[in-house]
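For reference, the structure discussed in these notes is given below.
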Amino acid sequence: MITRTFSQQKTIRNPLKRTDVFRCAHAAHRDFDFAVSAYHVLKEKQCFPDGCMDFKWHCRSLKRNKKCHRGYTNPGKKCDGCNELIEDKIQRTPKIMVSAKNYVEFTEQLVDFQNFLDSVKGKKVIINGLLSSVKPMIIGNGTPEGRKFTGFLLTLKEGFIGFDRIEDTIYARVGSEQQQLNKFRPGDKVEFKGYIFIDRGRMVLKKIGAVTVFERGEGYIWETAKARVAAQSGIFLENKPRKCRRCPMGLLVDGDNSGCSNGRRIFCMQGIENPEECVFDIYDKYLTNGD
């Protein structure tokens, strides 16, 4: 790692997670006020500037209250070739929400960030910062339960790589044994080594080691047994309420990322189906420090 004097300190920003540059009118983004990350637009869907094609299907027979001769009740791709099928093509193009000057600055940030990623690729770097949250890590899968507990996810809101300041959230994935050994909790001031990679636009650390905890926080310590119980008893919510995204018992779980959806679902570890009945929002300290 290249060391720098204080005067040579750089600020590292991750423009891939910016949600102020683009807006998309696709219904899949309604829960996030139609804000989409630059990563989603430029890297994942690659829908700018050419846009993307969406389809809506209608059935002449069903509109006349007649039964489908194939036995279907909803029109879709399975109806391909049927004379009763009406297919509407919808072209959508993300809109740029910043000025031309600011967009040029944004593209320059992308270049700088890619240069940074190239400089640390395959290298184990030193990260230090403040843990803002520690939560079980659950991923969506094809099992009947629809989810799987895979360890814990640490979130650093204030971090440094060497002397260089990171202005964006950094995530670190740790296994159950590592969580049991280090007992990470919100408020911990830590330092460790790890490899940086990009996961859906997010900076994530993997294979972390050489852990040092300089100061202990007062947050909740997750244990593996309780995390497994939460994974089994929790439920997915239909929508993505803001208060659930910020709640200490709410997780944004990555899915299969099909269609134009960002593939992320809210998982309530308390198993509360109706967010209006949840009492966790009385804890203002959690709602003011959401991820």
Which lysines, if any, have their Cα less than 21 Å from the Cα of residue 78, not counting same-chain residues under 8 positions apart?
56, 63, 66, 67, 89
Answer in debye to the nearest 20: the dipole magnitude of the chain about its Cα centre, from +1 Lys/Arg and -1 Asp/Glu charges placed on Cβ, is 660
Compute the helix-to-body angle for 224-233: its Cα long axis versus the longest principal axis of the chain, expressed 0 to 90° and rounded to tens.
10
About the Cα centre of the range 68-122, how large is the charge dipole given +1 on each Lys and Arg Cβ and -1 on each Asp and Glu Cβ? Please answer in debye to the nearest 20.
240
In the range 111-168, trypsin sites (Lys or Arg not before Pro) in a DSSP loop with at most 10 other beta-carbon atoms within 10 Å
121, 123
Most mobile listed residue (173, 70, 23) in the chain, GNM with C-alpha springs under 10 Å
70
Mean-square fluctuation check for the chain, GNM, Cα pairs under 10 Å: which of 50, 88, 168 is largest?
88
At a Förster radius of 30 Å, what calculated FRET efficiency corresponds to the Cβ-Cβ distance of residue 62 and residue 28, to the nearest 0.05?
0.80
Where the only charges are on Cβ atoms (+1 Lys, Arg; -1 Asp, Glu), what is the dipole of the range 105-193 about its Cα centre, to the nearest 20 debye?
580
Under 15 Å from the Cα of residue 95, which aspartates and glutamates turn up, not counting those fewer than eight places away in the same chain?
20, 33, 50
For the chain, take the longest principal axis of its alpha carbons; what is the angle in degrees between that and the long axis of helix 100-120, to the nearest 10 within 0 to 90?
60
Relative contact order, percent, of the chain when contacts are C-alpha pairs under 8 Å separated by at least 6 residues?
17
Given the options 71, 122, 175, which has the most mean-square fluctuation in a GNM of the chain, springs set between C-alpha atoms less than 10 angstrom apart?
71
With r defined as the distance between the Cβ atoms of residue 139 and residue 103 and R0 fixed at 30 Å, what FRET efficiency is calculated, to the nearest 0.05?
0.30
Hey, got a sec? Which GluC sites (Glu not before Pro) in the range 118-180 land in a DSSP loop and have at most 13 other Cβ atoms within 10 Å?
145, 167
Loop trypsin sites (Lys or Arg not before Pro), the range 200-256, which have at most 15 other Cβ atoms in a 10 Å radius of their Cβ (DSSP):
216
Which pairs, out of 10/124; 135/207; 189/226; 121/206, put more than 21 Å between their alpha-carbon atoms?
189/226
If unit charges are put on Cβ atoms (+1 for Lys and Arg, -1 for Asp and Glu) and the dipole of the chain is taken about its Cα centre, the option from 57, 175, 163 lying farthest towards the positive end turns out to be 57
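No lab work stands behind these numbers, since they all come straight from the coordinates. Every value quoted in this text rests on a predicted model; they were computed, and no experiment measured them. Glycine gets a Cβ as well: all are built from the backbone with ideal geometry, and neighbour counts include every protein chain shown.
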